[in-house]
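Undergrad: First the structure, then my questions, so here it is.
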Amino acid sequence: MTLPRTPSFSLAGKRAFVTGGSRGIGLGCAVALAEAGAHVVIAARGQDAVAEAVSLMSDAGFSAEGVALDITDLDAVRDAVAGIGRLDILCNSAGMARHGAATETTAEDFDAVNNVNVRAAYFLAQAAAKAMTEGGSIIQVSSQMGHVGGIDRAVYCGTKHAVEGFTKAMAIEWGPKNIRVNTLCPTFIRTPLTAATFADPEKRAWIESKIKLPRVAEVEDIMGAVLFLASDASAMVTGTSILVDGGWTAG
């Protein structure tokens, strides 16, 4: 008898593409993958923010480069992914939210959020799958709101539920190519983008009432989960979600 061995969490020799990777959750994902040995290409709209993130990662001894990219520009996305060459990991952390009452939703807001969260995410995954010639892992940063509803979040919830749906279908279609497709679904994470929400006593109280653990979430809380989904440790995990929600969706 021989003992089983824990699958490796190492990403040495792997190439990763992280969109929305210049700050917040995306930067946390990029750092987690780089710490495990991957060469990480960071993409975001702002050239200066991308350059700063790459500089900080390089100074920390990580292998990283960056590209300014608007993921709603599908031609630019295809070119950017093709420019990476062989791709092993996609982590799509780019997203948009325009919250408000469903009775007040405008067509402009509906289209803008869907354009980023659904259309761009779908075709980014398509481009990545074509570049994963040796298999790989596609990780969509979705949300706990892809599993539940929320006040003033009808459009946002709709987009994240859509991501959960096409992730399952893509996992079925691309499984024979050894491409795994999953979502990472965080709760409210303390980042510059959520600072205003956490600064509002009523909204913070609502968040804290929903999270079952005795604190709110930090960027570091998603880093282990993204490494798990990117690595051989999750080699049999596809078409599902990893909920990093502090128990929000448990009831």
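All of the numbers you see were taken from the coordinates with simple rules; none came from a lab. Keep in mind it's a predicted model, so treat the numbers as computed, not measured. Heads up, the Cβs are rebuilt from the backbone with ideal geometry, glycines too, and the neighbour counts pull from every protein chain shown.
Undergrad: Any chance you could check the Cα centroid distance between segment 43-94 and segment 165-207 for me, in angstrom?
TA: 19
Undergrad: Here is a follow-up. Under a 5 Å amide H to amide H cut-off, with H placed in plane at 1.01 Å, what residues pair with Lys14 once short-range neighbours are removed?
TA: HN-HN under 5 Å from Lys14: His39.
Undergrad: Follow-up question, since we're still on this one. For Thr72, which sequence-distant residues (separation of 5 or more, or a different chain) have an amide H within less than 5 Å of its own amide H, given hydrogens modelled in the peptide plane?
TA: HN-HN under 5 Å from Thr72: empty list.
Undergrad: Here's another thing I want to ask about it. Just rank Glu134, Glu208, fewest to most, by other beta-carbon atoms within 10 angstrom.
TA: Glu134, Glu208
Undergrad: Excluding residues fewer than 8 places away in the same chain, name every one of the lysines whose C-alpha is closer than 18 Å to that of Lys212.
TA: Lys203
Undergrad: Treat the count of other C-beta atoms within 10 Å as a stand-in for reagent exposure and order Thr19, Thr240, Thr103, Thr183 from fewest to most.
TA: Sorted ascending by nearby Cβ count, the order is Thr103, Thr240, Thr183, Thr19.
Undergrad: Give the average over all directions of the projected area of the C-alpha convex hull of the chain, one decimal, in nm².
TA: Its average projected convex-hull area is 15.1 nm².
Undergrad: Note the direction-averaged projected area, equal to a quarter of the hull surface, for the Cα convex hull of segment 127-180, in nm².
TA: In nm², the orientation-averaged hull projection of segment 127-180 is 3.8.
Undergrad: Test of understanding: ordering Trp174, Trp206 by Cβ neighbours within 10 Å, fewest first, what list do you get?
TA: Least to most surrounded, the residues fall as Trp206, Trp174.
Undergrad: While we're here: Each residue of segment 237-251 in turn: what ³J(HN,Hα) in whole Hz from Karplus with 6.51, -1.76, 1.60 and θ = phi - 60°, glycine and Pro shown as x?
TA: 10, 7, x, 9, 10, 9, 8, 10, 10, x, x, 3, 7, 6, x
Undergrad: Something else: Once the piece of chain linking Arg204 and Glu134 is laid out straight, how much longer is it, given 0.36 nm per residue of separation minus the C-alpha distance between them? Write down the numbers at each step before the final one.
TA: Details: separation 70, 0.36 × 70 = 25.20 nm, distance 4.44 nm.
The span from Arg204 to Glu134 would gain 20.8 nm if fully extended.
Undergrad: How big is the charge dipole of segment 15-250 about its Cα centre, in debye rounded to the nearest 20, if each Lys and Arg gets +1 on its Cβ and each Asp and Glu gets -1 on its Cβ? Mind dumping the intermediate values first?
TA: Details: 19 positive and 26 negative charges, 111 e Å.
Around 540 debye, computed over segment 15-250.
Undergrad: Further question on the same structure: Report ³J(HN,Hα) in whole Hz for each residue of segment 21-28, in order, from the Karplus equation J = 6.51 cos²θ - 1.76 cosθ + 1.60 where θ = phi - 60°; Gly and Pro get x.
TA: So the Karplus estimates, Gly and Pro as x, are x, 8, 7, x, 4, x, 5, x Hz.
Undergrad: So who's got an amide H within less than 5 Å of the one on Val219, skipping anything under 5 residues away but keeping other chains? H placed 1.01 Å off N, in plane.
TA: Arg190
Undergrad: Ordered by residue, what ³J(HN,Hα) values in Hz, to whole numbers, does segment 84-89 give under the Karplus form 6.51 cos²θ - 1.76 cosθ + 1.60, where θ = phi - 60° and Gly and Pro are x?
TA: Running phi through 6.51 cos²θ - 1.76 cosθ + 1.60 with θ = phi - 60° gives 6, x, 5, 10, 10, 9 Hz.
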